[in-house]
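In what follows, a structure is listed as C-alpha cells, so that the remarks can point back to it.
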Amino acid sequence: MVTLSFMRIVFTPPGYVPRFKDLKLSSSNDIELRTHIMNQMKTFCLYDAYVCENDGFPRWCAVCEIYKPDRAHHCSETGRCVLKLDHFCPWVGGVIGFTRYKFFVLFIFYVTLICVFVICSCAPLTGEYPSFFTLFLGPFTSIHIFYILRNTTTIESINFHARFYLLNVLYDNERSGLKRANVTTNPGCHPWDLGWKRNWCSVMGKNWWCWFFPFTGSPGDGYHFDYNVILLDELKIVAKQYKTTCKQLLPDRSTISLNLQSECSGVNSQHGLWTDNGLTSTNS
C-alpha cells in the first residue's frame with residue numbers, strides 16, 4: 001500500500017489551474033483574453049458564494065493571469081496556481097493539492113504503520129531506539145488527519161483563529177439580474193466546515209472501503225466546494241439587506257467598496273453593483 005500510494009502521488013496530475021496561454025486559442029489578442037475572463041466570471045457568478053477581493057471579483061493571480069477558484073493558491077516553487085493547494089513536498093513528487101492529497105495522507109499513514117510495526121517487533125531484539133524521522137512521522141500524520149476532519153489545508157490552518165474570508169454571496173436570482181453582496185466572515189469561521197463526517201468523506205470518499213485504498217481520488221472537481229449551510233444562510237440574510245445586481249460581467253476591476261457592519265454573529269458586509277464599468281458601490 002505504501003508503494004501504491006506513492007506511485008499514485010507521483011503519476012497523478014498536480015491539479016494546476018489552466019492558464020490562458022495553456023488553452024491553445026487561435027491568438028492571444030486582447031479581445032480573446034477579455035472573452036476568456038468574461039467566461040470565467042460568468043461561472044463564478046452562478047455560484048452561491050465564492051472567495052473574492054474587495055472589489056467583488058474573484059481572487060486574481062497576476063502571474064498566471066487567471067481568476068483563482070476557491071481554496072486555490074499560487075505555488076512559488078512551480079510558478080502555477082494549484083487547486084486546493086496544501087503544501088509543496090519534494091520528497092513525494094512536489095505539489096500536494098486537491099488531486100494528490102488523499103494519496104499523500106494514505107502514504108504517510110501506511111509509512112507510520114510500518115514504522116510502528118518495525119519498532120514494536122525489532123526494538124526489543126536490537127535495543128535500538130526509534131529515529132527522529134519515526135518520532136516525527138506519527139504527529140505529522142495525526143495533524144493531517146485533524147486537517148481532514150476540520151476540512152482545512154495546511155495553508156488554511158496558518159493563523160486559523162485569526163483568518164477570515166471575504167465572500168461574494170448570491171442572495172437572490174431574478175430575471176433582472178443576479179443579486180450579490182460581499183460578506184466577511186468572523187475570524188476563525190471556516191466556511192467549508194461541514195461537520196467531521198462530511199469533511200472526512202469530502203477528502204477520503206463517500207464509501208468506507210475507499211478510505212484505505214489509493215484507487216480513487218477525492219470526490220469533486222477541485223474548483224468548487226460545498227459551503228457550511230448554516231453559515232451560508234447567515235451570509236444570505238446579511239446580503240439581502242442590500243440591493244446589488246449582477247447585470248454584466250466584464251474584466252474591469254475598478255471599484256468603490258463600502259464597508260458595512262452587521263449585527264449577525266458570523267459576518268460583516270460589503271456591497272456593490274455590477275455595471276458596465278465594473279463593480280461600484282450602491283446605497284439603498
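What the table below lists for this structure:
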{"quantity": "Set Thr154, Thr99: member being modelled with pLDDT of 95 or more, crowded, with 19+ Cβ neighbours inside 10 Å and closer than 30 Å to Pro191 by Cα", "calculated": "Thr99"}
{"quantity": "Sole exception among (1) assigned to a loop (DSSP other than H, G, I, E, B); (2) touching a Gly at 6+ places or on another chain (Cβ under 7 Å) for Gly217, by number", "calculated": "(2)"}
{"quantity": "The lone exception for Trp209 - which of (1) touching a residue at least 24 places away in the same chain (Cβ under 8 Å); (2) in a helix (DSSP H, G or I); (3) over 24 Å from Tyr171 (Cα atoms) it fails", "calculated": "(1)"}
{"quantity": "Tabulated pairs, segment 91-104, first part of a strand (DSSP E or B), second among the β-branched types (Val, Ile, Thr), C-beta under 8 angstrom, 6+ apart or interchain", "calculated": "Gly94/Thr78; Val95/Thr78; Val95/Val82; Ile96/Ile9"}
{"quantity": "Test set (1) at pLDDT below 95; (2) surrounded by 13 or more Cβ atoms within 10 Å (Cβ to Cβ) - His161 fails condition number", "calculated": "(2)"}
{"quantity": "Output for segment 43-89, where each listed residue is assigned to a strand (DSSP E or B), among the aliphatic types (A, V, I, L, M) and at pLDDT 90 or above", "calculated": "Ala49, Val51, Val82"}
{"quantity": "So Thr184, is it in contact with a helix residue (DSSP H, G or I) (Cβ under 7 Å, 6 or more places away or on another chain) and crowded, with 19+ Cβ neighbours inside 10 Å", "calculated": "no"}
{"quantity": "Any hit, segment 167-184, residues being at pLDDT 90 or above, part of a loop (DSSP other than H, G, I, E, B) and within 21 Å of Val82 (Cα to Cα)", "calculated": "no"}
{"quantity": "Search result, residues across segment 79-90 that are hydrophobic (A, V, I, L, M, F, W, C), in contact (Cβ under 8 Å) with a residue 24 or more places away in the chain and more than 17 Å from Asn151 (Cβ to Cβ)", "calculated": "Cys81, Val82"}
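The values are calculated or read from the model by the stated rules, or taken from the named source; none is laboratory data. All values reported here derive from a predicted model rather than from experimental measurement. Note: ideal-geometry Cβ built from the backbone for every residue, glycine included; neighbour counts use all protein chains shown.
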